[in-house]
Amino acid sequence: MPKYRPDDQRVVITGVGAMTPLALSMTETWEGLLAGRSGIGPITQFDASSMLTRIAGELKGFDPGKYMNPKEARRIARCSQLAIATLKETLADAGLPERFDDEAGERVGVLLGTAAGGLERASAEIEAFHTHRRPEKVGPFAGPSILPNMPAHHVSHAVHALGPNSTISTACATGTQAVGEGAEFIRRKVADIMLCGGVDSLVQDFAIVGFNAMRAISCRNDHPEQASRPFDKDRDGFVLSDGSAMVILESLSHARARGAHIYAEVLGQASSSDAYHVAAPDPTAAGAIRAMRWALQDAGVDTSEVEYINAHGTSTPLNDASETLAIKKLFGEAAYRIPVSSTKSMLGHSMGASGTIEAIVCALTIYHGVIHPTINYQTPDPECDLDYVPNVAREKRVRVTLSNSFGLGGQNACLVLGVCP
């Protein structure tokens with residue numbers, strides 16, 4: 001049985017929002033995931049014709065002017081634009097006001113994450129300076145816009161959140177760790193509501209070239225919708241995507257007092273380090289196992305109670321095999337009975353946003369009783385031999401889920417979500 005705390009320290013998810021390569025809302029994204037649709041396509045944001053990889057998960061049709069004043073939009077980096085846009089859906093889903101007054105705002109905090117912050121803004125400003133060598137070519141908003149804490153600032157400012165405000169930047173583990181650490185603020189009773197999530201806008205030429213140099217991303221350009229194929233024997237790397245996701249976390253007592261609907265409860269969380277390599281996972285999977293084990297211990301949940309795992313599942317040869325090994329080592333023979341699926345098979349890898357998107361997926365899986373598939377699973381890999389819910393969604397009542405994120409630099413994070421009785 002989960003280790004339930006007092007109601008003012010129990011943390012529940014009452015609102016969700018996201019912008020993904022499938023749709024500019026979490027509602028439509030969820031529908032697309034259940035249908036097994038891919039959001040991956042040819043790159044249109046810049047000329048990628050000379051690059052080894054010419055595909056990505058772009059946010060189709062995103063217009064910041066629909067969510068904020070166009071003048072404000074020009075002053076801030078795209079990651080902050082996405083965060084503000086996602087905030088509106090998330091607040092509406094939770095039934096919360098778009099702006100809190102002073103008294104309520106003191107009990108509202110923000111914890112957002114980003115792997116790269118305003119990369120495109122930094123690149124443009126640096127290029128402008130080095131091209132012209134004239135200080136006046138650097139704009140007054142250049143410095144602030146590239147800082148990783150700017151999405152959290154802009155969200156805090158927009159909603160008048162006066163409580164704790166912080167930023168997580170742990171590469172691919174960012175979005176998961178942001179939700180987990182946000183829950184800790186509520187457990188410590190310094191906030192009643194936390195706006196938590198992750199955002200990244202990394203579909204940029206520099207990022208694509210850099211990951212190509214690492215041989216980390218897929219070059220399956222002829223069939224982009226089939227490029228992300230986690231756990232499949234023919235996988236050749238992840239697909240880089242843009243994305244933004246946010247959840248409303250509340251103490252259970254606060255959520256019940258205002259009659260909020262509850263998707264799921266954050267039962268436990270943990271993070272760990274491989275202390276091994278900047279890019280390759282520990283071949284023994286020890287770091288991933290630690291994160292999962294500690295998260296389950298934090299939740300008071302036994303391995304036998306886990307009924308679904310949302311995998312990090314990037315579609316890279318090393319990561320998928322390592323994660324499979326970690327699950328088998330921790331869960332033993334029971335690993336073969338637990339459904340495991342990868343959201344990245346359809347959305348690609350949006351770095352700082354992915355973990356939060358996947359936490360939302362776990363909450364919706366619990367809420368709706370259906371598991372989305374891992375698409376493009378065609379050729380089994382002997383090293384990856386678990387139940388990956390191949391290609392077709394599966395109806396299943398799920399009471400406890402585990403969500404994994406394992407990032408560059410050996411950053412590991414894990415969340416345990418469950419039904420809120």
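Contact map, region 290-308: first residue among the basic types (Lys, Arg), second residue assigned to a loop (DSSP other than H, G, I, E, B) and surrounded by 17 or more Cβ atoms within 10 Å (Cβ to Cβ), Cβ cut-off under 7 Å, separation 6 or more or different chains; the map is empty.
Go through the residues of region 59-72 one by one and say whether even a single one is crowded, with 23+ Cβ neighbours inside 10 Å, in a loop (DSSP other than H, G, I, E, B) and not charged (D, E, K, R). So far as region 59-72 goes, yes, one or more of its residues are crowded, with 23+ Cβ neighbours inside 10 Å, in a loop (DSSP other than H, G, I, E, B) and not charged (D, E, K, R).
Sub-7 Å Cβ pairs linking a first residue in region 26-46 that is within 18 Å of Ser354 (Cα to Cα) and among the aliphatic types (A, V, I, L, M) to a second residue that is in a loop (DSSP other than H, G, I, E, B) and open to solvent by less than 20 Å² (accessible area, probe 1.4 Å), at least 6 apart or interchain, are Leu33/Thr343; Leu33/His372; Leu34/His372; Ile40/Pro21; Ile40/Ala227; Ile40/Ser228; Ile40/Val239; Ile40/Gly348, ordered by first then second residue. Of all the residues in region 26-48, those that are within 26 Å of Pro97 (Cβ to Cβ), open to solvent by less than 20 Å² (accessible area, probe 1.4 Å) and either of a type outside the set (A, V, I, L, M, F, W, C) or modelled with pLDDT under 95 (or both) number 1. Taking region 326-337 as the range and being open to solvent by 10 Å² or more (accessible area, probe 1.4 Å) and within 28 Å of Glu31 (Cα to Cα) as the test, the residues that pass are Tyr336, Arg337. Evaluating Ser218 against the criteria (1) open to solvent by less than 10 Å² (accessible area, probe 1.4 Å); (2) out of contact with any helix residue (DSSP H, G or I) (no Cβ under 7 Å at 6 or more places or on another chain); (3) within 23 Å of Val266 (Cα to Cα); (4) among the polar types (S, T, N, Q) leaves one unmet condition, (3). Residue count for region 259-274, restricted to those that are touching a Gly at 6+ places or on another chain (Cβ under 8 Å), open to solvent by 40 Å² or more (accessible area, probe 1.4 Å) and either modelled with pLDDT under 95 or not small (Gly, Ala, Ser) (or both): 1.
Region 315-378 holds helices (runs of 4 or more DSSP H) entirely within its bounds, and those carrying 3 or more residues that are over 21 Å from the mean Cα position of the chain (by Cα) map to 317-331.
Screening Gly313 on (1) out of contact with any Ser or Thr (no Cβ under 8 Å at 6 or more places or on another chain); (2) small (Gly, Ala, Ser); (3) under 21 Å from Gly197 (Cα atoms) shows it passes everything except condition (1).
Taking the options Ala299, Ala295, Ala353, name whichever one is open to solvent by less than 10 Å² (accessible area, probe 1.4 Å), touching a Pro at 6+ places or on another chain (Cβ under 9 Å) and not acidic (Asp, Glu).
Ala299
The values are calculated or read from the model by the stated rules, or taken from the named source; none is laboratory data. Worth saying up front: this structure is predicted, and the values here are computed from it rather than measured. Glycine gets a Cβ as well: all are built from the backbone with ideal geometry, and neighbour counts include every protein chain shown. Note: accessible area is taken over every heavy atom of the protein model, side chains too, but ligands, DNA and RNA are not part of it. Shrake-Rupley method; radii C 1.70, N 1.55, O 1.52, S 1.80 Å.
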